Amino acid sequence: MKLLLTQDVETLGIVGDVVQVSAGYARNYLLPQHLATEPTDANMRRLADARKAAEERRESVMNAKKSLAERLEGTEVTIAAAANPDGVLYGSVGSREVSAALHDEGFEVDASHIDLHVPLKRLDNVVIDIKLADGITSQIKVWVVRSKASEEEGDEGEDSGYDDDAGMEAGVDGDNAES
């Protein structure tokens, strides 16, 4: 079914585009939400100014994304995470954490733009692609380092002198300590 978009639809097109969609998508979403109409000559003329404004808006957004990609290129961010002595993280570092680190550095990058196939689970440094739009990408370096709290826990755990076997012999049972 051919329809004329009356508003921008992110995955479909901008105002004034004539698009081919399935009848169900048109009937159940586009038409009830007033996002599209029939592609008549009168409707096309009525939306011509809106289309020009949408194209200008889209061009300015693309220029801003290109500028952001140029500024991002070669950026390095450091993320502190708790890890065991072998360097394996207790949790993981995902795109949300990378996005938050970039926000701290002054870059407005949404987590959905970060191309991280699997979460980082080790202390390491990796190069990650940032895909801001089709054809607009940038690479950053992410350093995952041990957090200060994790270092202190590792030091305390080695020097605490607590012996699990001695506690059991003394009749202390962690599960029944209240009774």
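The values are calculated or read from the model by the stated rules, or taken from the named source; none is laboratory data. These numbers were taken from a predicted model, which means no experiment stands behind them. Using ideal geometry, Cβ is built from the backbone for each residue, glycine included, and neighbour counts are taken over all protein chains shown.
Worth a mention:
- Residue 15 falls short on exactly one of the conditions (1) hydrophobic (A, V, I, L, M, F, W, C); (2) outside the structural domain of residue 128 (by TED's automatic domain parsing); (3) not in a loop (DSSP other than H, G, I, E, B), and that condition is (3).
- Filtered residue count, the range 35-52, keeping only those that are under 12 Å from residue 18 (Cβ atoms) and not β-branched (Val, Ile, Thr): 8
- Residue 100 under 27 Å from residue 148 (Cβ atoms) and buried (at least 18 other Cβ atoms within 10 Å of the Cβ): no
- Residue satisfying all of: in the range 114-150; in contact with a Ser or Thr (Cβ under 9 Å, 6 or more places away or on another chain) and among the β-branched types (Val, Ile, Thr); surrounded by the fewest Cβ atoms within 10 Å (Cβ to Cβ) among these: 118
- Some residue of the range 33-40 being in contact with a strand residue (DSSP E or B) (Cβ under 7 Å, 6 or more places away or on another chain), among the hydroxyl-bearing types (Ser, Thr, Tyr), modelled with pLDDT of 90 or more and not assigned by TED's automatic domain parsing to the domain that holds residue 109: yes
- Selection status of residue 82, surrounded by 14 or more Cβ atoms within 10 Å (Cβ to Cβ), in contact (Cβ under 8 Å) with a residue 12 or more places away in the chain and touching a Phe, Trp or Tyr at 6+ places or on another chain (Cβ under 6 Å): yes
- Scanning the range 30-52 for residues that are in contact (Cβ under 8 Å) with a residue 24 or more places away in the chain and farther than 16 Å from residue 2 by Cβ yields 34, 48, 50, 51.
- With respect to being surrounded by 13 or more Cβ atoms within 10 Å (Cβ to Cβ), outside the structural domain of residue 10 (by TED's automatic domain parsing), modelled with pLDDT under 90 and over 13 Å from the mean Cα position of the chain (by Cα), residue 92 falls outside the description.
- Breaking point among (1) surrounded by 14 or more Cβ atoms within 10 Å (Cβ to Cβ); (2) within 28 Å of the chain's Cα centre (by Cα); (3) modelled with pLDDT under 90, for residue 30: (3)
- Residue 21 vs. criteria crowded, with 16+ Cβ neighbours inside 10 Å, among the β-branched types (Val, Ile, Thr), modelled with pLDDT under 90 and farther than 30 Å from residue 140 by Cβ: no
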